[in-house]
Amino acid sequence: MAENGFRAEEIDTSRPHPARIYDYLLGGKNNYEVDREAADRLATAAPEVWSGVRANRDFLRRAVRYVVGSGVRQLLDIGAGLPSSPNVHEIARELAPDTRVAYVDNDPIVNTYANVLLCGSASTSIALADLRDPRAIVDHPEVRRVIDFGEPVAVLLVAIVHFLTEAEEPERVLATLRDALPDGSFLVLSHATDDFADRSAAQAVYDDATAALTLRSRARIERFFDGFTLVEPGLAEVPFWRPDAPPPTGPGEIGYYGGVARKTG
């Protein structure tokens, strides 16, 4: 039986999914035993993951406030994951109630929960699509319903690009999204790294998941911002990107980099 554009049998609960692992690590309940087991193995291999996902979420909050404060009123959140309050539209609308938000994820379960949450909203949408096919995201009718690519857009790629392998050509993906954006748009991106410790055991946890984890260096991650100009302080460890409170950790204790950049032509 079809529901929200997919059939129940299309939902794969036999393998961990990154969105549901992340939900569990954030204290959510929209996950399965296979996801919890994977998350526990991940935390054993990389204990900082518990504080890392929260630091990453805090980075998202600050970055959204920054781009909305800079005048952008359209947000495209790709790899949005399961709803976790405050959600992006809630953060944005504290500053600008007219902000429009399109959420995108490739997990049908995320699609189901988000549709329930957003039911009836004319300025928020949810699209079932995959970052590996960025053109399909840009052209998706639910994205187009709330996003006008003739006006500046902030694309949020928070903790998602590290689930693209090199064979999936992440630079091509980023370039396709960049080229769809007008000047004045923003890219918000965070990415896991093994710059500070050997995290091969943590990486291996995702070998049986629906997406593999590819850890990258700071220099490699910076290349994803080609065609954009990074705002200060550039690509930084997420707790140190424009903190609004003393960072809870020291340098090198969180395995994520994050940055915000603007397309200026």
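The values are calculated or read from the model by the stated rules, or taken from the named source; none is laboratory data. Nothing here was measured: the structure is a model prediction, and the numbers come from that model. No Cβ is skipped: glycine too gets one built from the backbone with ideal geometry, and neighbour counts run over all protein chains shown. Just the protein is used for accessible areas: all its heavy atoms, side chains included, with ligands, DNA and RNA removed. Shrake-Rupley method; radii C 1.70, N 1.55, O 1.52, S 1.80 Å.
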Review point. Just the accessible area per residue of the range 95-170, please: how many Å² with a 1.4 Å probe?
Key: 40
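Rounded to the nearest 500 deg cm²/dmol, what is the calculated helix-only ellipticity per residue at 222 nm for the chain, with -39500 (n - 2.57) per DSSP H run of length n ≥ 4? Numbers along the way, then the final one.
On the way: 10 runs with 93 residues, N = 265.
Roughly -10000 deg cm²/dmol at 222 nm, from the helical runs in the chain.
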Check your understanding: D for the range 31-70, whole µm²/s, Stokes-Einstein with Kirkwood Rh over alpha-carbon pairs at 20 °C and 1.002 mPa s: what number?
Key -> 183
Point to revise | the range 157-167 - phi-based ³J(HN,Hα) in whole Hz, Karplus 6.51/-1.76/1.60, Gly and Pro as x | key: 10, 9, 6, 10, 5, 6, 9, 9, 7, 4, 5
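What does the charge dipole of the range 192-262 about its Cα centre add up to, to the nearest 20 debye, if the Cβ of each Lys and Arg holds +1 and the Cβ of each Asp and Glu holds -1?
Working: 7 positive and 11 negative charges, 51 e Å.
Roughly 240 debye, rounded to the nearest 20.
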Review point. When Lys and Arg each count +1 and Asp and Glu each count -1, what net charge do the other residues less than 11 Å away from Leu187, Cβ to Cβ, add up to?
Key: +2
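As an exercise, take the mean of 1/r over every pair of distinct alpha carbons in the chain, invert it, and state the Kirkwood radius in angstroms. Display every interim value, and only then the final one.
Values: mean 1/r = 0.0541 Å⁻¹.
Mean inverse Cα-Cα distance, inverted, gives 18.5 Å.
Could you check how many percent of all C-alpha pairs in the range 162-233 are farther apart than 17 Å? Provide the component values of the computation, followed by the final result.
Working: 1278 of 2556 pairs.
Within the range 162-233, distances greater than 17 Å cover 50 percent of Cα pairs.
Remind me, what semi-axes does the range 71-190 give for its equivalent ellipsoid, largest first in whole Å, using sqrt of 5 times each Cα gyration tensor eigenvalue?
Values: eigenvalues 86, 59, 33 Å².
Result for the range 71-190: semi-axes of 21, 17, 13 Å.
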